[in-house]
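One structure below.
Bear in mind that the values in this text are calculations on the coordinates, not laboratory data. If you're wondering where the values come from, they're calculated on a predicted model, not measured in any experiment. Cβ atoms come from the backbone with ideal geometry, glycine included; neighbour counts cover every protein chain shown.
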């Protein structure tokens, strides 16, 4: 029972760290500069997570299969993720507000990302608590900019702090949902093949949103220096956190 409780606590803390990104909206600076930097930063984080974490992890879970088969499988689910996020983007109606659309699409992508992440954090923590703690810290670090990717565009599109907070909270709680799903239904059925495919799928979704939603929106504010600074810092933060942890 203690192991289950510890797993739930770690998963919850990792998921709720998304809320830290919400508080960026309280920074009293030029609105356009905050949006440009925040979206570029979040774009770099999503892209980097996919390249140095999700896709390599997908391959590691599928390495028991033939090398070519594993690559083709990852490519298939990656492309499927791109198509899914493109479909979602086309279906989201946002009253002509591109910023609001970016926030909503980011929320959907992060929920899709957080549910399997919560499942894995819960499973790992139950087997090896020390490894679970390290995993939870790593996830917390990249959940903060994911919170930014939702909060900044949504707040500046709607000017509603409470609504923005609730949306970010729901996104963070999706990681807890993953832990609950794992505990109730999946812990005896999840296998390496399924996890590898899901990671590749989420990688495609996040790369597509990074390059077709977050980054183009950041470019609209015509501050190239701040945009590239956000991209650089976002990439470095993720690379350093993965090297350390």
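Structure above, values below:
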{"item": "The chain: most fluctuating residue of 112, 19, 129 per GNM, C-alpha cutoff 10 Å", "result": "129"}
{"item": "Likely footprinting exposure, 185, 122, fewest C-beta neighbours within 10 Å first", "result": "185, 122"}
{"item": "Ranked by how many other beta carbons lie within 10 Å on average, peptides 37-46, 136-145, 150-159, 24-33 from highest", "result": "37-46, 150-159, 136-145, 24-33"}
{"item": "Cα-projected label distance for residue 79 with residue 28, points at 7 Å along beta-carbon direction, nm", "result": "5.3"}
{"item": "Ranked 86, 36, criterion: other C-beta atoms within 10 Å, fewest first", "result": "86, 36"}
{"item": "Förster radius 51 Å - calculated FRET efficiency between residue 3 and residue 159, Cβ distance, rounded to 0.05", "result": "0.70"}
{"item": "Contour minus Cα-Cα distance for residue 193 and residue 129 (0.36 nm per residue)", "result": "20.7 nm"}
{"item": "Centre separation in Å (Cα based) which lies between segment 140-178 and segment 216-231", "result": "21"}
